[in-house]
1. Percent antiparallel among DSSP beta bridges with both residues in the range 33-186, to the nearest 5?
2. Quick one: length gained pulling Ser295 to Leu52 fully straight, 0.36 nm per residue minus the C-alpha distance?
3. For the range 123-256, list log₁₀ I(q)/I(0) at each q in 0.11, 0.19, 0.20 Å⁻¹, using the Debye formula over Cα point scatterers of equal strength and ignoring solvent, two decimals each.
4. What is the extension gain from Val268 to Ala82, computed as 0.36 nm multiplied by their sequence separation minus the C-alpha to C-alpha distance, in nm to one decimal?
5. Filter the chymotrypsin sites (Phe, Trp or Tyr not before Pro) in the range 240-348 down to the DSSP loop ones having no more than 16 other Cβ atoms within 10 Å, then list what survives.
6. With only alpha-carbon pairs counted, each pair once and no self-pairs, how large is the Kirkwood hydrodynamic radius of the range 213-372 in angstroms?
7. Round to the nearest 0.05 the FRET efficiency obtained for Ala353 and Arg244 when R0 = 35 Å and r is the Cβ-Cβ distance.
8. What is the Å³ per residue value for the convex hull set by the Cα atoms of the chain?
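Just so it is clear, none of the values below were taken in a lab; they were calculated from the coordinates. Only a predicted model underlies this, so the values are computations on that prediction, with no experimental measurement involved. All Cβ positions, even for glycine, are placed from backbone atoms using ideal geometry, and neighbour counts span all protein chains on display.
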Amino acid sequence: MRLICTYCLLLMGSGLLAQPALQHYGNMQLHDGAQLGLHTNLVNQAPFDQNLGLLGFYGSTPLRVSGGFAPGAFDVEIANDAGVDLDLPIFIANNLNFISGDFRTDRTLADQYIGLLQDGFTVGESDASKVDGFVQGVQQPAFVFPVGDASQLRALTYQASGTVPVARCAYFREDPTATTPYGFFNPDLRPRTIEAVGQNEYWRLEGAVSGTVTISWNPQSNMAGIATDISQIVILGWNKSGGRWISLGTSSVAGDLMNGFAVSEPFVPDDFHVITFGSLSEIEEVASLPNYYVSPNEDGINDFLLIDELADSPNNQLRIYDRRGLLVFTQDNYTDQFNGISNVDGLVFDRDAGLPEGVYFYVVRLLDLGTEYQGFLYLRR
């Protein structure tokens, strides 16, 4: 039997009064299959974390979670256009489902965040629904942080070389070279090989295990203001010990100056205060191939991704990324294996159902020829 509870009103005597908050002082627990839907604030004053059901935030007015104890749930869902403000963490053991509205945290306070436990994952994040603040993950080797600001999703992917005990991330649509919560990061303190430091956005990433990060740019990133070609784009970090900007390298870059992504070389996030985009002083040529169209509907036309140039170099590597820079397909010695299905474990939700329709980036390396190509493909369902 499924229990569905919606808290929004308090019955007091013979009158019906608006309830400003659900005040929990103990003895409430969500069992397997139970659903607790909140249309009002939650003030949690007792342990409320051994739950197996769904905790949902709904309605059209702003909600707030506060109290002395951080609540936890197996599944959490948000469908509230006005969003939910967090004065303390919410811990999620399984699925965080974004439908509409943002979770908001104060980026200056370390104890406010959405917390994904060891098996926690997210689905549905978008410009309309994400975390406007910090997300924390524990005991995972890879994280896709669904972070952004009030208007846009600006996700960051952190793929570590081993299990990360604790990782946290937030996005800031601010100039990292001006006053920030972490200090003033002088743009002049950089190597001669770096032409410019981006001044439109940055990410704060915490993690003690070496790994790569993937971040994307869009028109609001103003990449044309710091680069004339995407081959100049590099990920930078403000090094704590050195007190200067350092290149984090770029193992892959794809897109154009309006939309694209970059993947860093391995580094330890805790060695850096913030990361952002920068540009190299010299252009490193990255060749482009035509854009491709894949429609895996078994009609015999464009069912697979075919790249003619690979016939000249069977010793090759193909990587396909979504618009957030999330790796969704990888193949060494590629011929025609991609038909819209991801072959990457861990970060792609429900991969057997096929990747969603849309634009993807590809990067292909012809190892025999020492050449790298990049471009777009459109996947149609």
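1. 25 percent
2. Answer, rounded to one decimal: 83.5 nm.
3. Results for the range 123-256 at q = 0.11, 0.19, 0.20 Å⁻¹ read -0.40, -1.28, -1.40.
4. Here the segment from Val268 to Ala82 would lengthen by 63.3 nm.
5. For chymotrypsin sites (Phe, Trp or Tyr not before Pro) across the range 240-348 that sit outside H, G, I, E and B with at most 16 neighbouring Cβ atoms in 10 Å, the list reads Phe304.
6. Kirkwood hydrodynamic radius for the range 213-372: 17.1 Å.
7. Efficiency for this residue pair is about 0.15.
8. Numbers: hull volume 58.7 nm³, N = 381.
Normalising the Cα hull of the chain by residue number yields 154 Å³.
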